[in-house]
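The values are calculated or read from the model by the stated rules, or taken from the named source; none is laboratory data. None of the values given here were measured: they were computed from a predicted structure. As a convention, Cβ positions derive from the backbone with ideal geometry for all residues, glycine included, and neighbour counts pool all protein chains shown. Calculation scope for accessible area: heavy atoms of the full protein, side chains included, ligands and nucleic acids excluded. Shrake-Rupley method; radii C 1.70, N 1.55, O 1.52, S 1.80 Å.
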Amino acid sequence: MADLRGGIDLGGTKIQTAIVDAGGEVLGEARHPTPTSGGPEDVATALESALREAASAAGVEPKDLEGVGVGSPGDADGKTGVVSGARNLPGWEGSFPLGETLSQALGAPVRVGNDVQVATEAEFHLGAGREFQSLIGVFWGTGVGGGIVLDGRPWLGRGAAGEIGHMVVKRGGAKCPCGRKGCMEAYAGRSAMEAEARRQHGEGAKTDLFKLMNKHDKDRLTSGIWERALDHGDHLAEKLIDRAIEALGTGVASAVNLLDPEAVIIGGGLGVRFGERYMDPLVEEMSKHLFVDERPPAIRVASLGDLGGAIGASLLFAN
Ligand SMILES: [Zn+2]
């Protein structure tokens with residue numbers, strides 16, 4: 001079945017796989033937790049079994065697929081299939097030949113790409129960005145990732161383009177998980193927001209965020225916990241989300257000033273959950289910084305949901 005492709009979205013907490021036909025239709029899918037110990041070989045084994053499960057759901061053998069694409073964190077080299085420095089995966093500080101390893105295991109060709117870039121391309125070809133020729137994808141989740149499509153083609157730079165979360169929105173500002181200061185992600189990333197909530201809570205700020213986290217048996221402030229706190233009118237949650245929106249508006253507007261894209265697609269766990277709810281404040285924050293403010297880009301919430309990354313990875317075999 002030469003027109004079927006596999007897609008794998010390799011995330012820090014979960015592995016999502018899908019078997020996708022030439023029209024972008026998902027015929028089978030599977031989701032497994034990402035191994036939290038071991039090393040790249042163990043992650044590769046988990047990818048293989050998750051892909052086999054999706055293939056079996058679609059009634060196809062992996063070896064009969066046209067190819068399998070992997071959207072990976074870290075530095076994913078599309079030419080060699082090597083993934084380096086995927087620091088949120090166990091034991092993956094160095095380089096690992098993921099493409100070759102997985103290709104041997106599955107008996108099908110494998111290509112690797114950046115996870116956020118492939119999710120952006122999925123929205124561009126099949127999702128919220130279909131009607132546009134140029135766009136920026138902003139994936140607002142644990143961190144803030146970005147992807148770029150210009151004139152219908154991905155812009156990868158020298159391999160590291162799209163790091164919109166590390167656009168500086170305040171010189172000498174808050175410490176970012178990347179170790180630098182004042183990045184957009186230092187204010188808007190879920191992980192940085194949680195650190196700031198803990199700090200302020202520790203200093204006596206009143207909030208139900210951590211009570212809600214314990215009540216719902218979570219070990220971190222998920223987007224769902226933030227939403228519940230906001231629904232209860234939690235002041236600290238409101239303050240930190242407003243601060244995140246302000247940072248996003250500033251950073252995204254700066255990126256728009258540079259590239260002048262037709263659209264901005266907001267995805268990611270927080271983006272999908274809060275994109276519509278905070279659309280007006282986000283547009284307002286952006287408008288303060290847009291150099292050409294009479295024709296702002298369209299802002300859309302990503303429409304492919306949790307499967308976007310896997311579908312986007314399958315598109316690594318689209319041409
Ligand atoms: Zn940073």
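Observations, loosely collected:
- Assigned charges on the beta-carbon of Lys, Arg, Asp, Glu; region 1-49 dipole about Cα centre (debye): 160 debye
- Semi-axes of the equivalent ellipsoid for region 61-162, Cα gyration tensor, largest first, Å: 24, 18, 11
- Within-13-Å neighbourhood charge of L135 [Cβ basis; K, R +1; D, E -1]: -3
- Rounded to whole Hz, the Karplus (6.51, -1.76, 1.60) HN-Hα couplings of region 142-149, x for glycine and proline: 3, x, 10, x, x, x, 10, 10
- Across V43, V26, V292, mean-square fluctuation computed from a Gaussian network of the chain (C-alpha pairs under 10 Å connected) peaks at V292.
- Based on protein heavy atoms only, region 123-264 ends up with 50 Å² per residue of surface accessible to a 1.4 Å probe.
- Positive-end residue, the chain charge dipole about Cα centroid, Cβ charges, pick of G146, V112, A54: G146
- Looking at region 29-107, the GluC sites (Glu not before Pro) that sit in a DSSP loop and have at most 14 other Cβ atoms within 10 Å of their own Cβ are E93.
- Probe 1.4 Å, accessible area per residue of region 1-97, Å²: 43 Å²
- Taken as entire DSSP H runs, the helices of the chain that both span 20 Å or more between Cα atoms along their own long axis and average -1.0 or more on the Kyte-Doolittle scale are 40-58, 235-259.
- Simple point charges give the picture: +1 on the Cβ of Lys and Arg, -1 on the Cβ of Asp and Glu, and for the chain a dipole about the Cα centre of about 1020 debye.
- For region 20-32, backbone phi angles converted through the Karplus equation (6.51, -1.76, 1.60; θ = phi - 60°) give residue-by-residue couplings of 10, 8, 5, x, x, 7, 8, 9, x, 8, 8, 9, 10 Hz, Gly and Pro being listed as x.
- Note on H232 and W155: the extension gain reaches 23.6 nm, defined as 0.36 nm multiplied by sequence separation minus the Cα-Cα distance.
- On the chain, 48 percent of the accessible area sits on carbon and sulfur atoms, based on a 1.4 Å probe.
- Unsatisfied cross-links (Cα-Cα over 23 Å) in the set K14/K79; K170/K288; K206/K239; K181/K206; K79/K175; K175/K239: K14/K79; K181/K206; K79/K175
- Given charges at beta-carbon only (K, R positive; D, E negative), |dipole| of region 1-145 in Debye: 200 debye
- Residues whose amide H falls under 5 Å from that of I299, counting only those 5 or more places apart or on a different chain, are V264, with hydrogens built in the peptide plane.
- Expressed in units of 2.2 N^0.38 Å, where N is the residue count, the Cα radius of gyration of the chain is 0.99.
- Candidates D260, D242, D231: whichever shows maximal mean-square fluctuation once the chain is modelled as a Gaussian network with Cα springs under 10 Å: D231
- Using θ = phi - 60° and Karplus 6.51 cos²θ - 1.76 cosθ + 1.60, couplings along region 162-174 (whole Hz; Gly, Pro as x): x, 7, 5, x, 10, 5, 7, 9, 8, 4, x, x, 4
- Cα gyration tensor, region 2-75 - rounded (a/c under 1.5), prolate or oblate: prolate
- Its DSSP H runs of at least 4 residues, each contributing -39,500 (n - 2.57), put the calculated 222 nm mean residue ellipticity of the chain at -11500 deg cm²/dmol, to the nearest 500.
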